[in-house]
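Peer 1: I'd like to ask some things about the structure below.
Quick note: the coordinates plus some simple rules give every number you see, no bench work behind them. This structure is a prediction, so every number in the text was calculated from the model and none was measured. So basically every Cβ, Gly included, is an ideal-geometry build from the backbone, and we count neighbours across all protein chains shown.
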Amino acid sequence: MTFHPSRRFVLLGGGLGLGAAMLGIRRIRDVVAATPDESLRFVHVYLNGGWDVTLGPDTRAPGTYAGLDLGTARLAPEFQTPLDVTVGSTPTLWGAAMAGLVPHADKATVFRGVNMNTVAHATGRAYVNSFIPPAGTVVRGSSLATAAAAVGELAAERILPNVTVGFPSYNTAYSRKLTAVSLRRASEIQGLLKPLSTPLGADVEALLASAQDQAASCVSDHYPGPRPADQLASSRGRLRRLMAENLSAQFDFGAPSADMVAIRDRFGFAANAVTADPLSVGMTAALAAQLVRVGVSRSVTVTMAPSLDTHGAEWATQHPTRLKAALDAVGALITDLRELDPDLERTVVLVSSEFARTPKFNGRGGRDHWFANSLLVFGGALRPGVFGATGADNLGLQKIDLATGAPSDAGTVLLPEHVGATLISAVGGDPTPFRVSPIAALIPGRS
Amino acid sequence: MIVRPLTLALALGLLACGSAAEDPPDRDPVGPTDPAPGRRVRRLTADQFARSLQVATGQAWTRYATYAEALGKPDFGELTDEGTDLSVTFDKLVHDAGREACGRAVDLDRTTATTVIMREARAADRGDHAKYVANLQYLFLRFLGVQLDAVDDPRLAPWLTLLEAAPAPTTDVEMATRWKAVCIGLVTHPDFVTY
């Protein structure tokens, strides 16, 4: 496929030069937003530490349960009352920490009672990386985001088709250009996008680029593995395009421009977050949104930190506030993405954590690790609704009928690979690596 | 069972720098496989790169602490694996590091008697092909560990072009800029960032 600079890039390149003086970034953002984009956009938000699903997607009405202690009285008042939400056509309850996601319940698919088969962080993290059972703590297969990045033809504008922030990424089966660009935290995007330091002058820069392209490596063509020179050449090609597009202003989250002020307001972070709060969940969500909106990325994975791993009495204070902050940021992210794709027809947002937390409190007033997890998917790829269940009285795993999602003694316990296979199949990818059949009942047009 | 050691030995020989390309080694009949872990070409870790840059140029990258994790250094909190991808991020930061270190090294070379980059050819030696070649041979040995004895070695050609291309440098500053570019090119060379 021949690459023709698109209207988007022409406008971005020229607009950024003029923007500061005349139009500002907002105008450019509007132009980008108006640009048709038919390809899949996939965002995976990983909540670090193991979320308490009773405060979020798998809560109960306050009351007495034999095997479950909701701890309602320990919570601040704003977290005590769950929210009545209709997901698809299913009336259900969401924890108050999910308030920011309620506007998007029409496009939500809630998986409940997903058996993580582990209560070890590293193993659970590996499982929600590829959604294939890990080998101990080692991820098997490719990251789900990489598999999503491989769906369909990749437009030339996707200079960074797969980006991950604070989350390991793997590519065992797909084109090398789909291997994720990895950042440890959102603030590092500026280091990647800002112009190269110490310009040498256009003529010498061109000579240097030419010499780099012609320089021979000592690794033979017969070397059976990937040749570093080839890998570097691929990365360098994308780096040159990144530098040529001059995208750094689009990600300068501390800038005083009207557009950046609007982004900070939407995602709820301060102008100094880049330096003072580099793990800000709002800024992390904003980065994911911008990467997709500007059009350089198809698939983005972000870790929301700080940790939700609250084993002591801080469960009552830190866990709900941190969870709400992260999910509010996810809500803002989806709101942002719906400006481009109102019905999320081409957009999937997956929200995961490595496992849930115990239904009863430990001796320190906190909750430990629990198998029965929930996963959230937003987007038109799946039918909205609640699929799967946990024991109403004990948050235990339950077998379900995969045709309906309802509990069934003759059914199957839901596993992460069911979610992975279903999601990838629904967006047109190959579910074979998951070694389970996609859940047809969740995919529009297949049941 | 003697075939496998012979195959490995041949593969090792082909890995060596400067070896002539010969017939490809026998491959597994079902297709090529990844090299054994011990024989795999590896990217420098973040620390290795920073130290190598300092040794080669004599200058430290002042922003290393800021970008060490982006280069793949684990924090041993959330991430314990050393990142060694030859990614866009890595290439960008290596370019930044090389530009800073090479810029300072060449600037220092112009003002001190002891030189690191412009050892065999000074900025005033404009148009002196023989000195260009001698200095490039020295830099290849310094940065890449490759001894180039022949003055017409093809591996010198891209760098000689960089130094000699029109418009030819007419000032010491312009000549020094060309040597900075050569230095940056060697820092970003695949053989510098891998082993």
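Peer 1: What value, in deg cm²/dmol to 500, does the helix sum -39500 (n - 2.57) over DSSP H runs of n ≥ 4 give at 222 nm once divided by the residues of chain A? Working shown, then result.
Peer 2: Details: 12 runs with 138 residues, N = 447.
The per-residue figure over chain A is -9500 deg cm²/dmol.
Peer 1: Please sort A:400-406, A:329-335, A:103-109 by packing, taking for each peptide the average over its residues of neighbouring beta carbons within 10 angstrom, highest first.
Peer 2: Details: A:400-406: 17.1, A:329-335: 23.7, A:103-109: 20.7.
The peptides rank, most packed first, as A:329-335, A:103-109, A:400-406.
Peer 1: What is the set of long-range amide H partners of A:Leu47 at a cut-off below 5 Å, with H atoms built 1.01 Å from backbone N?
Peer 2: Those qualifying (amide H under 5 Å, at least 5 residues apart or on another chain) are A:Met304, A:Ser352, A:Ser353.
Peer 1: Taking the Cα centre of the protein assembly as shown as origin, work out the dipole magnitude from +1 charges on Lys and Arg Cβ and -1 charges on Asp and Glu Cβ, in debye rounded to 20.
Peer 2: Magnitude of the dipole: close to 440 debye.
Peer 1: Let me ask another. Find out how many positive minus negative residues lie around B:Lys180, taking Lys and Arg as positive, Asp and Glu as negative, among other residues whose Cβ is under 12 Å from that of B:Lys180. All intermediate terms of the calculation are to be shown ahead of the outcome.
Peer 2: Details: positive: B:Arg99, B:Arg104, B:Arg110, B:Arg178; negative: A:Glu205, B:Glu100, B:Asp107, B:Asp109, B:Glu174.
Residues near B:Lys180 contribute -1 overall.
Peer 1: Something else about it: Please compute the average number of Cβ atoms from other chains found within 10 Å of each residue's Cβ in peptide B:93-104. Walk me through the intermediate numbers first.
Peer 2: Numbers: counts 3, 3, 8, 7, 1, 3, 5, 2, 1, 2, 3, 1.
The shielding value for this peptide is 3.
Peer 1: Taking the DSSP beta bridges in the protein assembly as shown as the whole, what percent of them are antiparallel, to the nearest 5?
Peer 2: On the way: 24 of 47 bridges.
Roughly 50 percent of the DSSP beta bridges within the protein assembly as shown come out antiparallel.
Peer 1: For peptide A:236-248, how many partner chain Cβ atoms fall within 10 Å of a residue's Cβ, on average? Display every interim value, and only then the final one.
Peer 2: Details: counts 7, 2, 4, 8, 2, 1, 2, 2, 0, 0, 0, 0, 0.
That average works out to 2.
Peer 1: Next up: Read phi for every residue in segment A:398-408 and hand back ³J(HN,Hα) as whole Hz from Karplus 6.51 cos²θ - 1.76 cosθ + 1.60, θ = phi - 60°, with x for Gly and Pro.
Peer 2: Working through the residues one at a time gives 9, 6, 10, 7, 5, 7, 10, x, 8, x, 7 Hz.
Peer 1: A follow-up question, please. For the protein assembly as shown, report the % of Cα-Cα distances exceeding 48 Å. Please report the intermediate quantities before stating the final value.
Peer 2: On the way: 44578 of 205761 pairs.
Summing the P(r) of the protein assembly as shown above 48 Å gives 22 percent of all pairs.
Peer 1: Grab the other residues whose beta carbon is less than 14 angstrom from that of B:Glu100, score K and R as +1, D and E as -1, and report the net.
Peer 2: Working: positive: A:Lys194, B:Arg63, B:Lys92, B:Arg99, B:Arg104, B:Lys180; negative: B:Asp96, B:Asp107.
That works out to +4.
Peer 1: Counting only other chains, and only Cβ atoms inside 10 Å, what mean value do you get across the residues of B:173-181?
Peer 2: Details: counts 0, 3, 0, 0, 5, 4, 0, 4, 9.
Mean shielding by partner chains, rounded to a whole number: 3.
Peer 1: Where does the charge balance sit around A:Phe387 when Lys and Arg score +1, Asp and Glu -1, over other residues with C-beta under 11 Å from its C-beta?
Peer 2: Details: positive: A:Arg112, A:Arg383; negative: A:Asp401.
Taking every Cβ under 11 Å from that of A:Phe387, the sum is +1.
Peer 1: Another question, then. Enter the angle in degrees (range 0 to 90, nearest 10) between the Cα long axis of helix A:258-267 and the first principal axis of the Cα atoms of chain A, meaning the one along which they spread out most.
Peer 2: For A:258-267 against chain A, the angle is about 20 degrees.
Peer 1: Excluding same-chain pairs closer than 8 in sequence, count the lysine pairs in the protein assembly as shown whose Cα atoms lie under 30 Å apart.
Peer 2: Taking the Cα cut-off of 30 Å, the pair count is 15.
Peer 1: What is the helix-to-structure angle for A:7-19, meaning the angle in degrees between its Cα long axis and the longest Cα principal axis of chain A, kept from 0 to 90 and rounded to the nearest 10?
Peer 2: The angle comes out near 80 degrees.
Peer 1: So, one more: Nearest 10 degrees is fine. How inclined is helix A:228-245 to the longest principal axis of chain A, computing both from alpha carbons?
Peer 2: The helix A:228-245 is inclined about 80 degrees to chain A.
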